[in-house]
1. If you scan region 56-82, which residues turn out to be under 12 Å from the mean Cα position of the chain (by Cα) and either exposed (fewer than 14 other Cβ atoms within 10 Å of the Cβ) or over 23 Å from Arg23 (Cβ atoms) (or both)?
2. Among the candidates Leu17, Leu38, single out the residue that is surrounded by fewer than 14 Cβ atoms within 10 Å (Cβ to Cβ) and out of contact with any strand residue (DSSP E or B) (no Cβ under 7 Å at 6 or more places or on another chain).
3. Any chance you could count how many residues in region 83-130 are among the small types (Gly, Ala, Ser), over 20 Å from Lys19 (Cα atoms) and surrounded by 14 or more Cβ atoms within 10 Å (Cβ to Cβ)?
4. How many residues does region 20-34 hold that are free of Cβ contacts under 8 Å to residues at least 60 places away in the same chain and either surrounded by 13 or more Cβ atoms within 10 Å (Cβ to Cβ) or in contact with an Asp or Glu (Cβ under 9 Å, 6 or more places away or on another chain) (or both)?
5. Does region 50-108 hold any residues that are part of a helix (DSSP H, G or I) and among the β-branched types (Val, Ile, Thr), and which are they?
6. Which residues, counting only those in region 36-55, are among the hydroxyl-bearing types (Ser, Thr, Tyr) and closer than 17 Å to Phe116 by Cα?
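All of the numbers you see were taken from the coordinates with simple rules; none came from a lab. Predicted model, so just to flag it, every value in this text is computed and none were measured. With ideal geometry, Cβ positions are generated from the backbone for all residues, glycine too; neighbour counts draw on all protein chains shown.
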Amino acid sequence: MSNTIATQPDRPLGPALFKGWRRKCPNCGNGPLLKGYLKVRESCSVCREDLTPQRADDGPAYLTILIVGHLMAPLLHIVFVQFRPEPLIMFTIFAVGCVALSLYLLPRLKGVVVAFQWARRMHGFDHSDA
């Protein structure tokens, strides 16, 4: 018995991830992927690619926390050891930095996760290409 999903090759991953980072449709790269801040559109407004099979769930939030933590923790240590700023000043600067970086990364990482699922034909993105 032949599985139709296994016979279809994966789509190019690199271009899809770049389109997802730009928050564009992973298929055409022109239509917006998100409506609002994090809500994924039901379909692309340009190529009509069905985007409902995506299952990003908590993946983008987890990746955001992972990246922000790995960037800010060493930076916090370096700033503390080298400059010894007042605790309240250091807290304020790093709190604003963490929030700003998180708000920047979250929708982009959501686009990357959806694009990865699309490129690997996961969760119903397995229909044949036209």
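1. Of everything in region 56-82, those that are under 12 Å from the mean Cα position of the chain (by Cα) and either exposed (fewer than 14 other Cβ atoms within 10 Å of the Cβ) or over 23 Å from Arg23 (Cβ atoms) (or both) turn out to be Asp57, Asp58, Tyr62.
2. Leu38
3. Residues in region 83-130 being among the small types (Gly, Ala, Ser), over 20 Å from Lys19 (Cα atoms) and surrounded by 14 or more Cβ atoms within 10 Å (Cβ to Cβ): 1 in total.
4. Of the residues in that region, 5 qualify.
5. The answer is Thr64, Ile65, Ile67, Val68, Ile78, Val79, Val81, Ile89, Thr92, Ile93, Val96, Val99.
6. Ser43, Thr52
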